[in-house]
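Down below is the structure, laid out as structure tokens.
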Amino acid sequence: MQAVEVRTLASLSSRAFDIDLEDEGACSGFLLREKDMTLRAYKNSCPHTGAPLNWMPDQFLTREGLYVQCSIHGALFKTQNGECFAGPCGGKFLKALRFIEQEGMSYIDLRDIEKSPSI
Ligand code: FES
């Protein structure tokens, strides 16, 4: 598991992280807080082209913070499940990452990441 600090992650905001996989490179991901403080984690890769989603560090959400938006072609994704509902990858999903939130830290589960060479 890889730890990411989330105590200071406010409602309707997001934060990038990189997981060092040593010989296998790195995995870029991000965490977001929904309005009700639910925490979600996704791989930072648009299902359209595989490009990073953010246009600035830690900026993954629309202005209101309600959806994830890809910076390249503007696809919109539901924060709850990563489903694209508008844009060129409609119907596809962001890769959700499993984690445990405990005492202000989020511990990203590496099992999914290590299983898939595409992550
Ligand atoms: S790369 Fe994300 S919508 Fe095209």
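Which loop-located chymotrypsin sites (Phe, Trp or Tyr not before Pro) does the stretch 24-119 contain, where loop means any DSSP state but H, G, I, E or B and the Cβ has at most 16 other Cβ atoms within 10 Å?
Taking the stretch 24-119 and a limit of 16 other Cβ atoms within 10 Å, the loop chymotrypsin sites (Phe, Trp or Tyr not before Pro) found are 55.
If I model a spin label at residue 92 and residue 13 as a point 7 Å from the Cα along the Cα→Cβ vector, what separation in nanometres do I get?
3.1
Once the dipole of the stretch 2-115 is set up with Lys and Arg at +1 and Asp and Glu at -1 on Cβ about the Cα centre, which of 45, 65, 108 lies farthest towards its positive end?
Highest projection toward the positive end goes to 65.
Residue by residue through the stretch 87-93, which ³J(HN,Hα) values in whole Hz follow from phi under the Karplus form 6.51 cos²θ - 1.76 cosθ + 1.60 (θ = phi - 60°), with glycine and proline marked x?
x, x, 10, x, x, 8, 10
Tell me the relative contact order for the stretch 41-103 as a rounded percent, counting alpha carbon contacts under 8 Å between residues six or more apart.
Relative contact order of the stretch 41-103: 30 percent.
With θ set to phi - 60° and the Karplus curve 6.51 cos²θ - 1.76 cosθ + 1.60, what are the ³J(HN,Hα) couplings of the stretch 96-113 in order, to the nearest whole Hz, using x for Gly and Pro?
Running phi through 6.51 cos²θ - 1.76 cosθ + 1.60 with θ = phi - 60° gives 6, 10, 7, 7, 10, 9, 8, 6, x, 10, 10, 9, 6, 7, 8, 4, 5, 5 Hz.
Enumerate the calculated ³J(HN,Hα) couplings along the stretch 7-13 in order (Karplus 6.51 cos²θ - 1.76 cosθ + 1.60, θ = phi - 60°), each rounded to whole Hz, writing x wherever the residue is Gly or Pro.
With coefficients 6.51, -1.76 and 1.60, one gets 4, 8, 7, 7, 4, 6, 9 Hz.
Label 7 Å along Cα→Cβ of residue 66; the stretch 1-22 residues with amide nitrogen under 16 Å?
Once the point is set 7 Å along Cα→Cβ of residue 66, 12-13 turn out to lie under 16 Å by backbone N, inside the stretch 1-22.
Would you mind checking which residues have amide H under 5 Å from residue 51's amide H? H placed 1.01 Å from N; only 5 or more apart, or other chain.
The list, which skips near neighbours in sequence, is 46.
Could you work out the pair-distance distribution P(r) of the chain from its alpha-carbon pairs, with 10 angstrom bin width and percents rounded to whole numbers?
Bins of 10 Å from zero give 14, 49, 33, 4 percent of pairs.
What dipole magnitude, in Debye to the nearest 20, does the chain give about its Cα centre under +1 on Lys/Arg Cβ and -1 on Asp/Glu Cβ?
520
If each DSSP helix of 4+ residues adds -39,500 (n - 2.57) and the sum is divided by the residues in the chain, what number results at 222 nm, nearest 500 deg cm²/dmol?
Rounded to the nearest 500, it is -1000 deg cm²/dmol.
For Cα pairs less than 8 Å apart in space and 6+ apart in sequence, what is the mean separation divided by the residue count of the stretch 2-115, i.e. the relative contact order in percent?
Relative contact order here is 24 percent.
The numbers here are math on the coordinates, done by the rules we state, and not lab data. Predicted, not measured: the structure shown is a model, and the values here were computed from it. Every residue, glycine among them, receives a Cβ derived from its backbone with ideal geometry; neighbour counts consider all protein chains shown.
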